[in-house]
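Let me begin by presenting the structure, written as structure tokens, before commenting on it.
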Amino acid sequence: MSEYIPSPSQWVADQVELYEGSGGTQGLTLRDTGLPVIIVTNRGRKTGAIRKTPLMRAVDGNNYILVASRGGAPEHPLWYHNLKSDPEVEIRDEAKVYWMRVREVVDAGERQRLWDIAVAAYPPYQEYQDKTDRTIPVFIAEAKG
Ligand code: F42
């Protein structure tokens with residue numbers, strides 16, 4: 001078993017601890033927005049350590065849409081690079097846990113369709129895209145099979 005290294009952002013680490021420690025019954029939303037969050041667990045590409053990242057929940061059927069927005073920062077979040085290097089993830093959605101594989105969505109039409117769903121779920125994603133020069137990456141997480 002690899003070591004779990006919590007996020008250096010205290011509010012993020014706290015949300016993961018509350019969400020997972022409660023078995024997916026507490027800490028389920030982004031602050032007081034009421035908007036639901038999932039927890040993505042994956043491996044760090046350099047350390048091999050277990051990393052846990054809360055993200056907004058946006059779904060397309062049984063698949064999850066992961067938006068590497070990092071609040072519109074100029075650089076991709078580090079988890080983007082981790083998922084490119086090792087696409088195997090665990091996704092916790094409240095009390096349910098799924099093993100999935102992610103891929104970055106590069107087809108323009110597919111990306112736009114998923115982006116629109118993600119923005120409907122969490123409208124600030126559009127503001128984040130408007131304030132950064134990078135194209136915010138979108139992943140789709142699909143059941144392994
Ligand atoms: N971030 C988003 O991008 N999108 C969202 O929808 C989103 C929603 C959300 C909801 C609730 C919440 O609590 C947080 C939310 N966040 C969202 C923030 C998100 O959870 C991340 O904190 C944020 O995207 C930044 O991701 P990051 O991977 O850049 O995190 C940094 C702070 C971090 O953890 N850095 C570590 C460190 O020690 O500096 C390194 C982590 C790491 O992955 N290291 C790799 C390794 O090998 O272990 C190497 C990575 C490399 O290439 O250097």
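The values are calculated or read from the model by the stated rules, or taken from the named source; none is laboratory data. Keep in mind the model is a prediction, meaning the values are calculated, not measured. Note: ideal-geometry Cβ built from the backbone for every residue, glycine included; neighbour counts use all protein chains shown.
Below is a table of values for the structure above.
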| item | result |
| --- | --- |
| Hey, G71 on the phi > 0 side of the Ramachandran plot, surrounded by fewer than 16 Cβ atoms within 10 Å (Cβ to Cβ) and either modelled with pLDDT under 95 or near the ligand (Cβ under 8 Å from one of its atoms) (or both) or not | yes |
| Where Q26 falls short, out of the listed (1) over 26 Å from R134 (Cβ atoms); (2) touching a strand residue (DSSP E or B) at 6+ places or on another chain (Cβ under 7 Å) | (2) |
| Search result, residues across region 65-107 that are among the acidic types (D, E) and either in contact with a helix residue (DSSP H, G or I) (Cβ under 8 Å, 6 or more places away or on another chain) or over 15 Å from V16 (Cβ atoms) (or both) | E75, D86, E88, E104, D107 |
| Filtered residues of region 22-64 (kept if in contact with a helix residue (DSSP H, G or I) (Cβ under 7 Å, 6 or more places away or on another chain), among the polar types (S, T, N, Q) and either within 8 Å of the ligand (Cβ to nearest atom) or part of a strand (DSSP E or B) (or both)) | N42, T53 |
| Flag for P8 being within 10 Å of the ligand (Cβ to nearest atom), in contact with a helix residue (DSSP H, G or I) (Cβ under 6 Å, 6 or more places away or on another chain), modelled with pLDDT of 95 or more and outside any helix (DSSP H, G or I) | no |
| Matching helices (runs of 4 or more DSSP H) fully within region 78-142 where at least 1 residues are away from the ligand (no atom under 16 Å from the Cβ) and loosely packed, with under 15 Cβ neighbours inside 10 Å | 108-121 |
| Residues of region 93-115 that turn out to be within 16 Å of the chain's Cα centre (by Cα) and farther than 15 Å from N63 by Cβ, as a count | 2 |
| Residues within region 11-37 that are of a type outside the set (S, T, N, Q), farther than 12 Å from K52 by Cβ and loosely packed, with under 12 Cβ neighbours inside 10 Å, tallied | 5 |
| Hey, G145 under 27 Å from L18 (Cβ atoms) and among the small types (G, A, S) or not | no |
